[in-house]
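> This structure is in structure tokens; I'll ask about it shortly.
What follows draws every value from the coordinates through simple rules; no lab data is involved. Owing to the predicted nature of the structure, the values given are computational and were not obtained by experimental measurement. Neighbour counts run over all protein chains shown; Cβ positions are idealised from the backbone, glycine included.
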Amino acid sequence: MATTNSLNRVVAVGEPGTTLQQITAALASSDEFQLVDILSTTERLVRDIRAAEPDIILIDHQLEGRPTLDIIDELVLQFPKTPIIAVLPGEDPLKAQQVMLAGARAFLVQPFTQLNLLSTLRRVRDLEQRLRQAMPVVTARAAEASRPLKMISIFSPRGGTGCSTVAVNLALSLLEETGLRVLLVEGKLFFGHLDLMLNLRSPNNIADLVPHVAALDEGLVRDVVTEHVSGLNVLLAPGNMQIAQGIRPDDLYNIVVALQRYYDLVIVDAGSILNENTVTFLDASDRVMLVATPDLASLHDTSSFIQQISRSVLAYPAEKLLVVLNRAGMPGGIRTSDVEPALHHPIFAQVPDDAEKPLLSLNRGIPLTIRYPRSPASRAIRDLAKALTQIKMTALVEEESDVERAQREALLASSQYG
């Protein structure tokens, strides 16, 4: 929603108490943000928020004695263009992942300081502004321009599915297939393994770009990335957790924009933890590759992610999500013919189970497609790379029709938080 003055309008939702008092005190002295309303009941919640026209919604973890996860879900549906910041009662990765999947743009952990709050508000505001500026402005009658994919993130909502293995070997296969400038980015800022998988040793990592994020030039980027013997460029994550914690989503966004200027194709190993930094990578990607394995837990989590992401604030179109079934046909696994019905989403590619070869490759620091180029898994990943080169991006139409307007009004009428 557009502001009518220079201050960013904030609505706070939560029970009366310490959290709302902190928010009120912090914003009272801010010359950037204005607290326009405090809402402490679900009665007429949606209507009151719509009347307040906020730029950002702050919501506490409880309202009327109940968790606010369902309320976040509903507010995302009602206000898809208004970012939501969720306040969490403590460090809980599961709760953080739940609120991000529900559609929150960021989260704030209690106890927090005034500095933490204002910093989070600024990051969300700045990121939203950049995302809007990056979106193509077209009309329904504008000609559609096409271009190859520039950035692909490899992600799984469940760990252990082989994201890193797919990312490494896909990047190598794309380099071999296209001959273009390909960069592999370690998006798992904590506990990444790309250095082990590629047998790389480098003192440089993505954190070295952060101090220069406002003016990244190609020379600096080339100094920080590490070149593999294959010719693949790799941007590693920090080996230090404290340094990794200091990397903010808006810094990552600026880095990603710069990387796409200097490389033809950027592949991100985004891991399996959904947080603000991961969402930044996914947002900036042309395609998000979801890696699943044929076991019940992986398929359940992947299906849940697809369903929730489609109705969250991210609202990715179905074609942005490409499901890759890794270890297809593994002993004891679910039959491949039963996977698509379970996911309610088409499988873009399959990588067959290849016995112990991926593990041997990892332990030797030699990627699968190099160590075992004729293995079934290597051939499947090269086929996947070829399929990706055939995908073209087209401009998106952003124009609200009469039907869409009627649907939005119907949503308001049907909301239990009206």
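> Can you give me the angle between helix 18-28 and the longest principal axis of the chain, using Cα atoms only, in degrees from 0 to 90, rounded to the nearest 10?
80 degrees
> What's the exposure ranking of Ser146, Ser202, going from fewest to most Cβ atoms within 10 Å?
Ser146, Ser202
> Calculate the dipole size of the range 146-394 relative to its Cα centre from +1 charges on Lys and Arg beta carbons and -1 charges on Asp and Glu beta carbons; express the result in debye to the nearest 20.
460 debye
> For the chain, take the longest principal axis of its alpha carbons; what is the angle in degrees between that and the long axis of helix 249-262, to the nearest 10 within 0 to 90?
40 degrees
> Going by the alpha-carbon gyration tensor, a ≥ b ≥ c the square roots of its eigenvalues, is the range 244-294 rounded (a/c under 1.5) or, if a/c is not under 1.5, prolate (a/b greater than b/c) versus oblate?
oblate
> Please report, in whole Å³, the volume per residue of the convex hull around the C-alpha atoms of the chain.
156 Å³
> Once each part is reduced to its C-alpha centroid, what is the distance from the range 27-62 to the range 100-132 in angstrom?
14 Å
> For the range 99-109, just list the computed ³J(HN,Hα) in residue order, Karplus coefficients 6.51, -1.76 and 1.60, θ = phi - 60°, integers in Hz, with x standing in for Gly and Pro.
6, 5, 5, 5, x, 5, 7, 7, 9, 10, 9
> Each residue of the range 201-206 in order: what ³J(HN,Hα) in whole Hz does its phi give by Karplus 6.51 cos²θ - 1.76 cosθ + 1.60, θ = phi - 60°, with x for Gly and Pro?
With the stated coefficients, the range 201-206 comes to 10, 8, x, 9, 7, 4 Hz.
> Normalising by the residue count of the range 146-394, find the relative contact order in percent from Cα pairs under 8 Å and 6+ residues apart.
In percent, rounded to a whole number, it is 30.
> Quick one: of Lys188/Lys392; Lys188/Lys320; Lys95/Lys150; Lys81/Lys150; Lys150/Lys386, which pairs are farther than 23 Å apart, Cα to Cα?
Lys188/Lys392; Lys95/Lys150; Lys81/Lys150
> Let me ask something else. I'm a student and want to see the number: the projected area of the Cα convex hull of the range 146-394, averaged over all directions, in nm².
12.7 nm²
> Kindly identify the range 8-137 as rounded, prolate or oblate by the Cα gyration tensor criterion: order the square roots of the eigenvalues as a ≥ b ≥ c, call it rounded if a/c is under 1.5, otherwise compare a/b with b/c, prolate if a/b is larger, else oblate.
rounded
> Based solely on its DSSP helices, what 222 nm [θ] is calculated for the chain when runs of n ≥ 4 H residues each add -39,500 (n - 2.57) and the sum is averaged over all residues, nearest 500 deg cm²/dmol?
Value at 222 nm, helices only, nearest 500: -12500 deg cm²/dmol.
> Could you tell me which residue out of Leu259, Ile71, Ser6 lies farthest along the dipole of the chain toward its positive end? Charges go on the beta carbon: Lys and Arg +1, Asp and Glu -1, centred on the Cα centre.
Leu259
> If the only charges are +1 at each Lys and Arg Cβ and -1 at each Asp and Glu Cβ, what is the size of the charge dipole of the chain around the Cα centre, to the nearest 20 debye?
960 debye
> So, one more: Only four residue types carry charge here, +1 at the Cβ of Lys and Arg and -1 at the Cβ of Asp and Glu. Report the dipole size of the range 8-137 about the Cα centre in Debye, rounded to the nearest 20.
Charge dipole of the range 8-137: 400 debye, to the nearest 20.
> Using the Karplus curve 6.51 cos²θ - 1.76 cosθ + 1.60 with θ = phi - 60°, work out ³J(HN,Hα) for each residue of the range 295-309 in order, rounded to whole Hz, and write x for Gly and Pro.
10, 4, 5, 5, 5, 4, 5, 5, 4, 4, 4, 4, 5, 6, 5
> In the neighborhood of Leu189, defined by Cβ-to-Cβ distances under 12 Å, what is the net charge if each Lys or Arg adds +1 and each Asp or Glu adds -1?
With Lys, Arg at +1 and Asp, Glu at -1, the neighbours total -2.
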